[in-house]
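The structure appears right after this line, and notes come after that.
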Amino acid sequence: MDKRGIGDDFAVVLGVSLVLLGAVLTLTQVLGIRVIQLGWPLLILGPGVAITAAAFASPPGRGLGYLAVPGAVVVVAGVVLEVQAFTGDWQSWSYAWALVAPGGVGLGLLLAGIHERSRWARVAGGVLLAAAAVLFILAEWFFVRVAEVGGPGLGWGFGLVLPALVITFGLLMIARGIIHGR
């Protein structure tokens, strides 16, 4: 029988988060990255990660896993803002909104469905993620290529989107492995 408690899971998540934050802070010092100009979105990303971690630290079946929905929305907003701070492409909000909602909502439902073992939430999350991808691509096409108000678009930024998707799928696989390992 597993003797780990909720506090143990939260401690692990918090510990991993602190190690990652420390690594990022170290890299900013070593590489001379402008922390304030590029790091302020972490003030948004951090609470989103904490809310999502709380969702996964809760015992399955009690519904607290659905905290992953607002957590994921805040995390996705923080990631979008970080990419925009790094690239300076603030015009991308004309199409990046689709990643936050419905994308963040879909990601949150998918994560909650995995944690709460809810097929409905997983399916709804997948549908919303697919809708977000379609809306993102269509809005990027319209605002960048037709209306010419969306900045450089996916031409340059896609180099950052693909790694973000790979990281997201990697995190989903980690979450799946943790959930199924219990």
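The values are calculated or read from the model by the stated rules, or taken from the named source; none is laboratory data. On a predicted model such as this, the values are computed, not experimentally measured, just so you know. With ideal geometry, Cβ positions are generated from the backbone for all residues, glycine too; neighbour counts draw on all protein chains shown.
General observations
- Pairs, first over 13 Å from Ala54 (Cα atoms) and in contact (Cβ under 8 Å) with a residue 12 or more places away in the chain in the stretch 108-121, second among the aliphatic types (A, V, I, L, M) and crowded, with 24+ Cβ neighbours inside 10 Å, C-beta under 6 Å, six or more apart: Ala121/Leu109; Ala121/Ala112
A quick yes/no check of all residues on (1) within 19 Å of the chain's Cα centre (by Cα); (2) at pLDDT 70 or above; (3) closer than 18 Å to Leu171 by Cβ:
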| residue | (1), (2), (3) |
| --- | --- |
| Lys3 | no, no, no |
| Val13 | yes, yes, yes |
| Leu18 | yes, yes, yes |
| Leu25 | no, yes, no |
| Ile33 | no, no, no |
| Ile36 | no, no, no |
| Trp40 | yes, yes, no |
| Gly46 | yes, yes, yes |
| Thr52 | yes, yes, yes |
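- Criterion (closer than 21 Å to Leu172 by Cβ, surrounded by fewer than 22 Cβ atoms within 10 Å (Cβ to Cβ) and among the basic types (Lys, Arg)) met by exactly one of Arg145, Arg117, Arg62: Arg117
- Those helices (runs of 4 or more DSSP H) lying entirely in the stretch 63-120 with at least 1 residues over 20 Å from Pro47 (Cβ atoms) and of a type in the set (Val, Ile, Thr): 68-87, 105-116
- Flag if Gly71 is buried (at least 19 other Cβ atoms within 10 Å of the Cβ) and closer than 29 Å to Ile178 by Cα: yes
- Scanning the stretch 145-173 for residues that are among the β-branched types (Val, Ile, Thr) and at pLDDT below 80 yields Val146, Val161, Val166, Ile167.
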